[in-house]
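The values are calculated or read from the model by the stated rules, or taken from the named source; none is laboratory data. Note that the structure is a prediction, hence the values are computed from the model and not measured. Heads up, the Cβs are rebuilt from the backbone with ideal geometry, glycines too, and the neighbour counts pull from every protein chain shown. The protein model used for the area step is the full one, side chains on, heavy atoms only, and it has no ligands, DNA or RNA in it. Shrake-Rupley method; radii C 1.70, N 1.55, O 1.52, S 1.80 Å.
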Amino acid sequence: MTPWMHAVLAGPRWVRRLWRRSLLLRVTSSTLLLSTVVMMVLGFSLLSRVTTGLLSSKDRIAVGEAAAGLGEAQRLLDAADTGLTTPSASRLVDSVVSALAARAGSPGQFDVLLLSSGDAADAPERGTNLVAVSSVPIGLRDAVVSSQRQSWTYSEIRFLDGPGVPGLVVGAPLVVPTVGPYELYYLFPLAQEQDTLDLVRSAVILTGVLLVGLLAAVAWFVTRQVVAPVRAAAQTASRFSAGFLSERVRVKGDDDLARLAASFNDMAASLQRQIKQLEGLSRVQQRFVSDVSHELRTPLTTIRMAADVMFENRAEFDAPTARAAELLQAQLDRFEALLVDLLEISRFDAGAAVLEADHVDVRDLVRQAIDRAIPLAHRLGTDIRLLDDLEGMRTAFHAGVTSDAEFDSASASLPEVDLRFAVNGDARRINRIVRNLIDNAVEHGGERGVDVEVGCNENAVAVTVRDYGVGLRPGESSLVFNRFWRADPARARTTGGTGLGLSISLEDARLHGGWLEAWGEPGRGACFRLTLPRQVRGPIGESPLPLSLVDSGGPAADQHDDSTTRKNAEAEISAVAGATRRGLSQKGRWGMPDWTDNGGPPPRVDPGRWSTPDPGGDAFGESGK
């Protein structure tokens, strides 16, 4: 799209946005529009009544004058009809016209035309003030001749020596002795009436414009008295929601808006007290969790030493005692894991979590997590599939290579593919995220297995873990990251998890400026996606992998195509390798180059995605799937 088209389209979009956001503009514009319509209706009605009154008065006067003139003309003609001494037709016509013109006064109030109705070519026709015959419409002449009665109409009066004027034409039949039938027309100019109507019209328009502008100003002033306090309350509420809990709305007067402001201030004060109470309780809770976790380490160490001795010598005990030693060892392992997770949660709550950033190969970390989870998967009767495995891609590229030497030589021609999945991050925390996701999927995936995929683009690296188990009900995808949360509270944990894994994973992802999202449907399984920026808290834009790997609901391994993998991998390696090297050219504790934004994308709370755990929530009352 060309720049001028953008400029043309930007205007209407800006107006629509301003219209939606400004109550003052909408009220003022609506008042202006409605006032204009009302004034147009009133002005039209007023002008119509004035015009009708003026013309009606003029019609009565003109018709009366024409009737009187017709009688005077007929009297003169009858008096002149003396037989053999009757004057000529020209003298008769001239005398009638002269007599009628004298009745018009000075200046003349009307003009007269005496026209012949017969076919005689030598019949004389006369008029006053050089008025043109074309001033009488053909239709009026036909009406006078056919009806033999007085008729009138509005028409333009034209003159042979000047411009025409609007007027009223009244005609009637007249008989001239020795000549035959004639038509007598009175032409009344309406110039004065037209001037009067123009004056009234100008006055109505000017008054209407002034009145509409005055109404718009009044509407703006009145609306502003209402909108200004509302805008002040909105700004105060916005600052209050941003954390400035001491913000209050100014209260002026005792009207409804003042009572609204007072009620708002009371609500804000109540919320401030409750928030401070919750913050105090949260600090006490965090301190309690931290202190208890630290205090438990010493007795736990002693119990661990005693349990290790019993476990190592369990062969010397009888069967029930040996089994008790094994159970004690297993539960101590779980208790230690829970204690470690509680300590980690307390660090997040206290804002003391530290990120040890370095160059990390995410694909390597994923393989390590899969290797660690394979024994658990075998015990539960499921398998874990790493889609588009890099070694498989190399094998597909060199399907004809048989010896190790030939394979190494062929592999040397490929670009440094490790950089494709490299990020600047904390390897321990990324590994913990992936491990928690895979263990969680293995526990809930069932016999259909778990699919793990790693993808990348220029700005980010993503890992998706997809299982095909019971899935998530609507709304649960926003709860899976809460502490100690379980989809089925009655279901026992088969892997010995603490219930804090996904909650800690979410915090680890946020430390990197990344995203951790969940999707699921009942009966179709669930999918978790980790998206990490190339640089800590750098821009991501769009995740390299879809959140739902296979919309059909079947395991992705059944749909794997080596030829497609080979083509995609070849194109992706060449497109991303160079950009990845540039993105990792700087190294540091946080690894933030100059071109990254300050914090990456903000935390998001969307249906079907993750929600940030409530920092004021009960540390023992929420979390993981």
Worksheet entry | Integer Hz, Karplus 6.51/-1.76/1.60 couplings in order for the range 215-224, x for Gly and Pro | 5, 5, 5, 5, 4, 4, 5, 5, 5, 5
Response to the item:
Hull surface over four for the Cα convex hull of the range 101-142, reported in nm², is 3.7
Item to complete: Would you grab the residues whose amide H sits under 5 Å from the one on residue 358? Only those 5+ places off in sequence or on another chain, please, with H modelled 1.01 Å from N.
Response: 425, 426, 427
Discussion item. Please list, in order along the range 93-107, the HN-Hα scalar couplings obtained from phi with the Karplus expression 6.51 cos²θ - 1.76 cosθ + 1.60 (θ = phi - 60°), rounded to whole Hz, x for Gly and Pro.
Written reply: 4, 5, 5, 5, 5, 5, 5, 6, 5, 5, 6, 6, x, 9, x
Response to the item:
Checking rank on 208-216, 89-97, with mean other Cβ inside 10 Å and highest first, the result is 89-97, 208-216
Practice prompt. Determine the equivalent ellipsoid of the range 211-348 by diagonalising the alpha-carbon gyration tensor, then write out the semi-axes as square roots of 5 times the eigenvalues, largest first, rounded to whole Å.
Written response: 68, 14, 10
Fill in: Distant-in-sequence amide H partners of residue 116 (H built 1.01 Å from N, under 5 Å)
183
Worksheet item: Tell me, what ³J(HN,Hα) does each residue in the range 129-145 have, in order and in whole Hz, if you take phi through Karplus 6.51 cos²θ - 1.76 cosθ + 1.60 with θ = phi - 60° and put x for Gly and Pro?
Response: 6, 6, 6, 7, 4, 5, 5, 8, x, 4, x, 5, 4, 4, 5, 5, 5
Fill in: Span from the the range 211-277 Cα centroid across to the the range 122-168 one, whole angstrom
74
Fill in: At R0 = 41 Å, FRET efficiency that the Cβ-Cβ distance of residue 207 and residue 267 yields, to 0.05
0.25
Worksheet item: Taking a quarter of the surface of the convex hull around the Cα atoms of the range 186-246, what do you get in nm²?
Response: 6.0
Discussion item. Over the range 166-266, with the other protein chains present, what is the accessible area per residue in square angstrom, probe 1.4 angstrom?
Written reply: 58
Worksheet item: On the accessible surface of the range 203-279, probed at 1.4 Å, how many percent belong to carbon and sulfur atoms?
Response: 64
Discussion item. Please compute the Kirkwood hydrodynamic radius of the range 33-138 from all pairs of different C-alpha atoms, in Å with one decimal.
Written reply: 17.2
Discussion item. Under the rule of at least 5 residues apart or a separate chain, name every residue whose amide H is placed under 5 Å from the amide H of residue 132.
Written reply: 158, 159, 160
